[in-house]
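Values in this text are rule-based calculations from the coordinates and carry no lab data. All figures in this text were calculated on a predicted structure; none of them were measured in a lab. In this analysis, Cβ positions are derived from the backbone assuming ideal geometry, glycine residues included, and neighbour counts consider all displayed protein chains.
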Amino acid sequence: MLYRIAESLDWQNAQQTGFFASADLAAEGFIHSSERGQIIETARRYYARRTDLVLLEWDEQSLATAGARVEWEWVESRQEHFAHIFGPVPMAAIRRHWPFAADATGSFHLPEEL
């Protein structure tokens, strides 16, 4: 499974349009995505103390079936490969979602279901 920390507004737009898109798709040409073990560090680096986020879950097979291209690319600053989705993600590929917020100390925690 792959995961995306999403802005609430982007998630709301996806529910209205049927496709998830984000600012990184417009700016970089792809949507950043993480594996389970990369979520917390991504949240810590880029979403510090945010409480208005949603964690989305999708799998590569669903993305491929929906026609979304996934490429694994090396990210030098993290020294890891990350999945990049080239194009909007159809709602049919999104399996689950959760509210995702920093706690009172500013830390993030994965949903219990993960």
Test ASP52 against the stated conditions and say whether it is surrounded by 11 or more Cβ atoms within 10 Å (Cβ to Cβ), of a type outside the set (S, T, N, Q), in contact with a helix residue (DSSP H, G or I) (Cβ under 6 Å, 6 or more places away or on another chain) and touching a residue at least 24 places away in the same chain (Cβ under 8 Å). yes
Determine which single condition HIS81 fails, assuming it passes every other condition in (1) touching a residue at least 24 places away in the same chain (Cβ under 8 Å); (2) surrounded by 13 or more Cβ atoms within 10 Å (Cβ to Cβ). (1)
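Being on the phi < 0 side of the Ramachandran plot, part of a loop (DSSP other than H, G, I, E, B) and surrounded by 13 or more Cβ atoms within 10 Å (Cβ to Cβ) is the filter here, so list the residues in segment 84-108 that pass it. Even if it seems obvious, please write down each step before you answer.
First pass over segment 84-108, keeping only residues on the phi < 0 side of the Ramachandran plot: 84-86, 88-105, 107-108.
Then keep just the ones that are part of a loop (DSSP other than H, G, I, E, B); that gives 88, 101-105, 107-108.
Passing the criteria: PRO88, ALA101, ALA102, PHE108.
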Is segment 7-16 home to any residue that is of a type in the set (S, T, N, Q) and within 12 Å of the chain's Cα centre (by Cα)? yes
Quick check: anything in segment 31-44 under 24 Å from THR105 (Cα atoms), in a helix (DSSP H, G or I) and among the basic types (Lys, Arg)? yes
